[in-house]
Every structure is written in C-alpha cells, then in structure tokens.
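Only one structure is covered here, and it is reproduced in the block below.
The values are calculated or read from the model by the stated rules, or taken from the named source; none is laboratory data. Since the model is a prediction, treat every value here as computed from it, not as a measurement. FYI the Cβ positions are ideal-geometry reconstructions off the backbone, even for glycines, and counts take in every protein chain you see.
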Ligand code: ACO
Ligand code: LMR
C-alpha cells in the first residue's frame, strides 16, 4: 500500500480538512447550536474538552473584566505611544502585549503555581508569607499600585462573589484570601490582585471542579495557560486604545523633558584624543 511520510508536526486541537471545521472534534455548526460562547470555544481549543457552564461563564467573566483598566497602565501606554508614532494595529497591540509579565498582568501562572505549592506543602498563610519574604521573593498575585483595602478593586469583588456562589469548591480562593489577610495587615496595598484572584480560582477549576484529573491539572499548571486569559482579555482594550488614538488623529508623542532627571556620567574626553 501507500507509504505515508512521517509527519513533521503533530496537532491535536482543530481540523479544517473535512467538509466542516472542527474544534477538538466538535463541528463548528455544533459550536453555534450549543450556544457555548467564547468560553466554550476556549475550553475546546485550550483544554480540549467542554467545560461545565460555571467554568465557561467564569472564563468569559475573566475576559470581560480584564479587557481594560484605563490608559495609564504599562501596556495601554505602550500601545498608545506606538499608535501615536504612526504604527499599525498589530504593531501597537504587540507593543502593549510585550509589557505583560511578572509585574503587570502576567502574574497569573506563577500565582497559580506558588499558591498551590504553598497549599500542598501545608503551609499556613503566615508561613507562606514568611517563607517568601525570607527567600526575598514577591508573592505573585499580591499587591497593587493603586488598589488597596480602603480602595478595593471592584473586579476582584465580582470574581469572588461569582466563585463563592457557583463553584463546587473554592479551597484555593479561600487560602489566597487568608494570605491576603496576612499581607494587608502589613500594608494596605498588598491585596489579592486581579491576576492573583483569577489565578487561584482557575486552580479551583483545574483541581477541585471534577473537570480535570490530578495529572491534567498539574500539567496545565506546569505549561502555564492562565497568562493567556489576561493577554486575550487585555488585547480587547489595547485594540480599543489603538483605534481611539487613530480616531483622535493623535500626533507623535514626545514626553516632556522636565519629567526626566538626567544624571549622566561626566566622561573624560582626554582619553579619546588622537
Ligand atoms: N509580595 C510581598 N511583598 C510585596 C509584594 C508582593 N507581591 N508587592 C509589594 N510588596 C512590598 C514590597 O516589598 C515593598 O515593601 P517595603 O516597603 O518593605 O520595601 C512594598 O510592598 C511596596 O512595594 P512596591 O514595589 O513599591 O509596590 P508597588 O505598589 O510599586 O508594586 C506591584 C505593585 C508591581 C503589583 C507589586 O505588588 C508586585 O510586583 N506584585 C507581584 C506581581 C503581581 O501580582 N502583579 C500583578 C499586578 S495586577 C495587574 O497587573 C493586572
Ligand atoms: C490592570 O488591570 O491593568 C491593573 O490592575 C494594573 C493597574 O495598575 O491598574
């Protein structure tokens, strides 16, 4: 018979070769018939399964509430400045996305790993906080530049209320809230932030909802999937900021010089004389 050449790539999430496009074995017509929404599509393409509706609703909620947080955050500023430098949508978007990381918006995967590891090691919230301080590490998912106990982040409120009401188990959220009690006692701004809150709730989906087995949950924590949620959500806002600047016909931005403290070393030119 025919000898098939060995495949250079393996792909397991979608197939466009048949009469109908399929996401993880589900026909695109069924995707719409079932009204699974974008949460359902993410379940199929990221997790290769259909997730219960409290999970898909949670995913959609996460995308909606991370969609934007004003023009002043690192990523939006990058997008706006790039857009005002006359660049196109993709360049402006990517410029914003490149700021997402450990400090801004990209703390989810590490928050998920660190909180669940602390929980698994049986550390009390105080022991966890002390251990991280001794290791000279910031706790991912804790802290905010402007939000605090006295100026709470309403997004985090909304997530907590939904999860407490709809999740079969929220052990990891409870643990993170107990950690927040310890950190906010030290400093008002050391709240469980939106990255941290979404991350621990996702750990509750991975580990405590019955939708994944233990190995699968560990595997997703290892490969890191949760920063994708913030990245996807905030892309909505970054694209919005780009369009906004184009609509406003905003010109090239140059930051006011008096906003820089310039402290340049005095070079000795003598060394360079011929
Ligand atoms: N864990 C432990 N201590 C912390 C943490 C933390 N995550 N964050 C700040 N602190 C401490 C600092 O060590 C510092 O202590 P000190 O006064 O004794 O020196 C104090 O709190 C203030 O620290 P700053 O760096 O000034 O805090 P800032 O408000 O500038 O930082 C930030 C905010 C960047 C979010 C910071 O808290 C952090 O890096 N957190 C961890 C990463 C994270 O979760 N990022 C996501 C934020 S949410 C989002 O971007 C959508
Ligand atoms: C955000 O969602 O971008 C923020 O929580 C970060 C910030 O400083 O507002």
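Okay, here's what the table says:
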{"quantity": "Whichever residue in the stretch 184-201 is surrounded by fewer than 23 Cβ atoms within 10 Å (Cβ to Cβ) and near ligand 1 (Cβ under 6 Å from one of its atoms) and, among such residues, is nearest to residue 113 (Cα to Cα)", "calculated": "190"}
{"quantity": "Residue list for the stretch 75-96, filter: more than 16 Å from ligand 1 (Cβ to nearest atom) and either in a helix (DSSP H, G or I) or closer than 23 Å to residue 156 by Cβ (or both)", "calculated": "80, 81, 82, 83, 84, 89, 90, 91, 92, 93, 94, 95"}
{"quantity": "Matching residues, the stretch 122-156, being more than 22 Å from residue 72 (Cα to Cα) and either within 23 Å of the chain's Cα centre (by Cα) or within 16 Å of ligand 2 (Cβ to nearest atom) (or both)", "calculated": "128, 129, 132, 137, 138, 139"}
{"quantity": "Any hit, the stretch 128-135, residues being out of contact with any helix residue (DSSP H, G or I) (no Cβ under 8 Å at 6 or more places or on another chain), within 13 Å of ligand 1 (Cβ to nearest atom), free of Cβ contacts under 8 Å to residues at least 12 places away in the same chain and over 22 Å from residue 188 (Cβ atoms)", "calculated": "yes"}
{"quantity": "Residue that is farthest from residue 201 (Cα to Cα), among those in the stretch 136-151 that are more than 7 Å from ligand 1 (Cβ to nearest atom) and surrounded by fewer than 17 Cβ atoms within 10 Å (Cβ to Cβ)", "calculated": "136"}
{"quantity": "Subset of the stretch 48-74 [more than 16 Å from ligand 1 (Cβ to nearest atom), in a helix (DSSP H, G or I) and surrounded by 15 or more Cβ atoms within 10 Å (Cβ to Cβ)]", "calculated": "54, 55, 56, 57, 58, 59, 60"}
{"quantity": "Residue match in the stretch 83-99 (condition: at pLDDT 95 or above, over 18 Å from residue 254 (Cα atoms), within 11 Å of ligand 2 (Cβ to nearest atom) and touching a strand residue (DSSP E or B) at 6+ places or on another chain (Cβ under 8 Å))", "calculated": "yes"}
{"quantity": "Meets criteria (part of a loop (DSSP other than H, G, I, E, B), on the phi < 0 side of the Ramachandran plot, surrounded by 14 or more Cβ atoms within 10 Å (Cβ to Cβ) and within 11 Å of ligand 1 (Cβ to nearest atom)) for residue 99", "calculated": "yes"}
